[in-house]
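Reading through the structure tokens given below for one structure.
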Amino acid sequence: MELSVLVAHRTIDLRSDTITRPDSVMRRAMAEADVGDDVLDHDPTMAALEEAVAGLLGFESALWVPSGSMGNMIALMLHLQRGDRFLAPEHAHVLGSELGTAAWLAGGMPDALPHDGGPGRPLASTVRAKAGGAGPYFTLRTTLLSLENTHNFAGGAAFGPAEWAELVAAGRDCGLSIHLDGARLWNAAVALDVPIASLAAGADTVQVCLSKGLGAPVGSVLVSDADRIHDARRVRKMLGGGVRQGGVLAAAGLVALDRIGDLAADHANASALAGGLRERNWDVAEPETNIVLASVPDPAATVAELDALGVAAVTVAGKVRFVTHRDVSAADIDEALSRL
């Protein structure tokens, strides 16, 4: 009887920060957006969003793309030639969550780096050792270092400007290009209280997402220099990512940029959730941002048990993952804990 009462309650959805829905303010901005054919004329609202994101990150130019996966893929296609090896931290999104397109479409040979520099990142010395140097023509050629901040499957781990600069320098010393999957770079900047541009300085390409914690329904932005973005626009079209009246979507992105500071509430809710879980004897580390990872004997079974209580979570990297976001309040976190 008690379980049936709990099931009757609405689900508290902590599967991801991608489930957020645009509120009335964002929907109104979308409805009133100034639009044009972005493929033919460069939609004016899309252009404004791209300029705004490029400025925030300290880059010359930017390109809106439908998804973070496409943004990463375009970047890798610009950086890699067939058979090139690229380095990325273990469990990075480009390695295991983009259906092998790094190899299939970009033609790259992925090589995972250990998290020996902290959660979600390697040591600079490891980058240098893995990259190696120039060898005979018949040896693998390493040309790219791809990093992720925050690192999703490492529990939203964030690393700051000093570590970032050290890793970029290590890559440069080895002749590598640098790509940053910054899908949740906004979270890192808020958690570390640093300008977001300081977490991207020196990269060749950076992808940031608008449809996670910031609440836009669709879209990511790839930033780089003007020449690369010119080429990226062509690759986006090849992949079917050209849009027509894209201002309807870009308007949501512009509203989202005004809400970066709101991510601090998500981080506070994640900390409260982690603390409550530990009080209930769960094995949970303190989150750095908005992702909580729990170590349990059987993650799939635990997720099913949570679902029966009306608390939605997922399994990642052998753990149970909870993600706080703008559509879940502090009261919702209290309610989720009370159901446990």
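The values are calculated or read from the model by the stated rules, or taken from the named source; none is laboratory data. Since the structure is predicted, the reported quantities are computational estimates derived from the model, not experimental observations. Please note: Cβ atoms are built from the backbone with ideal geometry, for glycine as well, and neighbour counts cover all protein chains shown. What goes into the accessible areas is simple: the full protein's heavy atoms, side chains included, and nothing from ligands, DNA or RNA. Shrake-Rupley method; radii C 1.70, N 1.55, O 1.52, S 1.80 Å.
Miscellaneous remarks
- Residue within the range 280-291 that is at pLDDT below 95, open to solvent by 10 Å² or more (accessible area, probe 1.4 Å) and under 25 Å from the mean Cα position of the chain (by Cα) present: yes
- Of all residues in the range 221-242 being touching a strand residue (DSSP E or B) at 6+ places or on another chain (Cβ under 8 Å) and hydrophobic (A, V, I, L, M, F, W, C), the one that is farthest from residue 210 (Cα to Cα): 226
- Set 255, 218, 223, 235: member being at pLDDT 95 or above, assigned to a strand (DSSP E or B) and either within 17 Å of residue 26 (Cβ to Cβ) or of a type in the set (Val, Ile, Thr) (or both): 223
- Considering only residues in the range 236-255 that are more than 21 Å from the chain's Cα centre (by Cα), within 16 Å of residue 70 (Cβ to Cβ) and touching a residue at least 40 places away in the same chain (Cβ under 8 Å), the one that is surrounded by the fewest Cβ atoms within 10 Å (Cβ to Cβ) turns out to be 237.
- Selection status of residue 313, surrounded by fewer than 14 Cβ atoms within 10 Å (Cβ to Cβ) and touching a residue at least 40 places away in the same chain (Cβ under 8 Å): no
- Note on the range 89-103: residues that are surrounded by fewer than 23 Cβ atoms within 10 Å (Cβ to Cβ), at negative phi and part of a loop (DSSP other than H, G, I, E, B) amount to 3.
- Residue check for residue 157: within 30 Å of residue 274 (Cα to Cα), in contact (Cβ under 8 Å) with a residue 40 or more places away in the chain, open to solvent by less than 10 Å² (accessible area, probe 1.4 Å) and of a type in the set (A, V, I, L, M): yes
- Counting the residues of the range 25-62 that are under 23 Å from the mean Cα position of the chain (by Cα), open to solvent by less than 60 Å² (accessible area, probe 1.4 Å) and among the charged types (D, E, K, R) gives 1.
- Meets criteria (under 25 Å from residue 163 (Cα atoms) and assigned to a strand (DSSP E or B)) for residue 190: no
- Beta carbons closer than 9 Å, at least 6 apart along the sequence or on distinct chains, pair a first residue in the range 111-136 that is on the phi < 0 side of the Ramachandran plot and outside any loop (DSSP other than H, G, I, E, B) with a second that is of a type in the set (Ser, Thr, Tyr) and open to solvent by 50 Å² or more (accessible area, probe 1.4 Å) for 116/125.
- Inside the range 280-304, residues that are part of a helix (DSSP H, G or I) and touching a residue at least 12 places away in the same chain (Cβ under 8 Å) make up a count of 4.
- Any pair with Cβ under 7 angstrom, 6 or more apart, that starts in the range 179-206 at a residue that is basic (Lys, Arg) and ends at one that is open to solvent by 10 Å² or more (accessible area, probe 1.4 Å) and not in a helix (DSSP H, G or I): 184/212
- Hey, residue 86 buried (at least 22 other Cβ atoms within 10 Å of the Cβ) and part of a loop (DSSP other than H, G, I, E, B) or not: no
- Looking only at residues in the range 104-142 that are surrounded by fewer than 19 Cβ atoms within 10 Å (Cβ to Cβ) and among the hydroxyl-bearing types (Ser, Thr, Tyr), the one that is nearest to residue 159 (Cα to Cα) is 125.
- Residue in the range 208-229 that is nearest to the chain's Cα centre (by Cα), counting only those that are in contact (Cβ under 8 Å) with a residue 60 or more places away in the chain and open to solvent by 10 Å² or more (accessible area, probe 1.4 Å): 212
- When residue 258 is tested against (1) of a type outside the set (Lys, Arg); (2) in contact with a strand residue (DSSP E or B) (Cβ under 9 Å, 6 or more places away or on another chain); (3) within 19 Å of residue 187 (Cβ to Cβ); (4) without any contact (Cβ under 8 Å) to a residue 60 or more places away in the chain, exactly one condition is not met: (2).
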